[in-house]
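Trainee: I am attaching a structure below and will ask some questions about it afterwards.
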Amino acid sequence: MSFNSLGLSDPLLKAIQKKGYTTPSPIQEKCIPIVLQGKDVLASAQTGTGKTAGFTLPLLQLLAGEQTPQKRPIRALVLTPTRELAAQILENVREYSTFLKIKSTVIFGGVKQGPQVNTLRNGVDVLIATPGRLLDLQDQGLLSLKDVEVLVLDEADRMLDMGFLRDIKKVLALVPQKRQNLLFSATFSKEIKKLANGFLNNPVLVEATPENTTAEKVNQKIYHVDKVKKRAIIIAMIKEGNWQQALVFTRTKHGANKLCEKMQKAGITAAAIHGNKTQGARTKALAGFKEGSIRILVATDIAARGIDIPLLPHVVNFELPNVPEDYVHRIGRTGRAGANGIAISLVSHEEADYLRDIEKLLKQSLPTGIIEGFEQGPAPEIDPNANKQQNRNHRKPRNKNGGGNWNRNKNKNSGNRNKNSNRRSDNN
Ligand code: AMP
């Protein structure tokens, strides 16, 4: 299958060629013709599948095929959960519309609104936005959504995870009734299905499993270590292995900062990225990491979501996530595009339960290794009842339904996630 057979116009084919894509990804093959027909789409896809081009290319073609209204009202709105993802989508939209007369921009919080408002005033066809800033500007009468023809909800499950349901509903009330809707979500929980039923019109279901999330492609290793030695261990690993690029996950924002400081003191260029960082700091850290001036990016789960960093050789779980599905998402950051990646987890006695949950989800026990000089000491003596109590407090009960089964377990390791923000112990 080639892009030529999908019904895309010459300016778009030229842009695709310029990007260097030769064949459409499965989601693009399925999605592009359907969107071009003006139909609603409910797609199961996550970052790494090429989904952005899957909705952007046909959307641009639809807009370009119409006569551009003189004042350029917002005709397509893409809602995304995070600023990073929003910025990334804009980059893609701009690249794909290189040979079209389409204007696009992005708005998100954490930065001054002035420049965003000025751009909007000049007129844009495609607006990519995070819900908070969008509604803020709308409340101030600085933008109008009454001419939106295509609405895209990208990473809808993450938007719900992050508590944006109310905002999404508000946006739905502001756009015209008659419009095309595209919903992308990595998972299909009850909440997502409910949301989808509420506003999609006879949607065509599209499924795609990302190449990069299958755990089989990733060389996983568990090291049982003492909690207090973790910082020294990871620094030694980076130095001895001469790692040039690694993404390191911590469970908390504070933990990310602390680890980053230690690495910097050890002479390793590192940056932390999490919800408490300013947008400027997050953008700078990500840009530095992508171009190689920053070797180690220390991130919390939420901050790292949706970030597209191709060919990451190492992912490290400095701490295991307490939501087992997050492990799969984390390790999906390595081994991208068919390359082999290494996912290392430093597991202390305190995290034994988390490891058990992850292995249960993956239906396999993960290979373990020993780091010479950092062998784990005996488990600290704890009152077993106190431990039970602590664990009980730390975790929220599982959803007995086991999550949505919409994608029939096609991607065994990452599907079936019934996410719910309450399950996360820290709003990172
Ligand atoms: P996405 O899932 O949209 O975030 O895309 C993941 C990555 O795949 C991005 O770096 C895209 O530039 C790249 N990509 C998208 N479509 C294709 C394609 N057809 N061929 C090669 N790379 C692609």
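Trainee: Do any GluC sites (Glu not before Pro) in region 1-102 lie in a DSSP loop with no more than 11 other beta carbon atoms within 10 Å, and if so, which?
Mentor: Values: sites: 29, 66, 84, 91, 95; in loops: 66.
When the GluC sites (Glu not before Pro) of region 1-102 are filtered for loop state and at most 11 Cβ neighbours within 10 Å, 66 remain.
Trainee: Further, regarding this structure: Compare the peptides 244-252, 281-289, 200-208, 140-148 by average per-residue count of other Cβ atoms within 10 angstrom and give them in order, highest first. Don't jump to the answer; show the numbers that get you there.
Mentor: Details: 244-252: 21.3, 281-289: 18.6, 200-208: 16.7, 140-148: 14.8.
Packing order, densest peptide first, comes out as 244-252, 281-289, 200-208, 140-148.
Trainee: Next up: How big is region 218-369 in terms of Cα radius of gyration and Dmax, in angstroms?
Mentor: In order Rg, Dmax, the Cα atoms of region 218-369 give 14.3, 41 Å.
Trainee: Would you mind working out the magnitude of the charge dipole of region 3-207 relative to its Cα centre, with +1 at each Lys and Arg C-beta and -1 at each Asp and Glu C-beta, to the nearest 20 Debye?
Mentor: Details: 26 positive and 19 negative charges, 84 e Å.
So the magnitude is around 400 debye.
Trainee: In Å, the Kirkwood hydrodynamic radius of region 20-129 over pairs of distinct alpha carbons?
Mentor: Kirkwood radius, region 20-129: 14.7 Å.
Trainee: Which of the listed residues, 228, 195, 141, is farthest toward the dipole's positive end in region 122-235, when Lys, Arg count +1 and Asp, Glu count -1 at the beta-carbon?
Mentor: The listed residue farthest towards the positive side: 228.
Trainee: Moving to a separate point now. Within the set 230/262; 227/262; 170/253; 51/112, which residue pairs have Cα atoms separated by over 18 Å?
Mentor: On the way: 230/262 11 Å; 227/262 15 Å; 170/253 30 Å; 51/112 30 Å.
From 230/262; 227/262; 170/253; 51/112, over 18 Å: 170/253; 51/112.
Trainee: Using bins 5 angstrom wide from zero, how does P(r) for region 3-207 break down, in % of all Cα pairs?
Mentor: Bins of 5 Å from zero give 1, 7, 17, 21, 22, 17, 10, 4, 0 percent of pairs.
Trainee: Note down the net charge around residue 138, summing +1 for each Lys or Arg and -1 for each Asp or Glu among other residues with Cβ under 15 Å from its Cβ.
Mentor: Working: positive: 121, 133, 146, 166, 169, 170; negative: 136, 139, 147, 167.
Counting the neighbours of residue 138, the net charge comes to +2.
Trainee: Next up: Straight distance only, please: which aspartates and glutamates reach the Cα of residue 194 with their own Cα at less than 20 Å, same-chain residues fewer than 8 apart left out?
Mentor: 40, 154, 155, 157, 161, 167, 207
Trainee: Another question, then. Once you list every other residue whose beta carbon is under 14 Å from the beta carbon of residue 178, what net charge do they have if Lys and Arg are +1 and Asp and Glu are -1? Provide the component values of the computation, followed by the final result.
Mentor: Values: positive: 39, 75, 146, 179; negative: 40, 147, 149.
Net local charge, residue 178 excluded: +1.
Trainee: Compare the Cα positions of 32, 176, 80 along the charge dipole of region 3-207 (+1 at Cβ of Lys, Arg; -1 at Cβ of Asp, Glu; about the Cα centre) and return the one farthest towards the positive end.
Mentor: After comparing all options, I get 176.
Trainee: Cα convex hull of region 1-78: mean projected area in nm², to one decimal? Write out the running numbers ahead of the final one.
Mentor: Numbers: hull surface 22.5 nm².
Computed as one quarter of the Cα hull surface, the answer is 5.6 nm².
Trainee: Which value in nm describes the separation of the simple spin-label points at residue 111 and residue 202, placed 7 Å from the Cα toward the beta carbon?
Mentor: With each label placed 7 Å out from Cα toward Cβ, I get 4.1 nm.
Trainee: Over the Cα atoms of region 238-287, what is the Rg over Rh ratio if Rh follows Kirkwood? Write out the running numbers ahead of the final one.
Mentor: Values: Rg = 11.1 Å, Rh = 11.6 Å.
When Rh is taken as the Kirkwood radius, the ratio is 0.96.
Trainee: Quick one: 297, 361, 134, 13, fewest Cβ neighbours within 10 Å first, how do they rank?
Mentor: On the way: 297 27, 361 19, 134 24, 13 16.
With the fewest neighbours first, 297, 361, 134, 13 line up as 13, 361, 134, 297.
Just so you know, all these numbers are worked out from the coordinates, no wet-lab data involved. Worth saying up front: this structure is predicted, and the values here are computed from it rather than measured. Cβ: placed from backbone, ideal geometry, glycine included. Neighbour counts: every protein chain shown.
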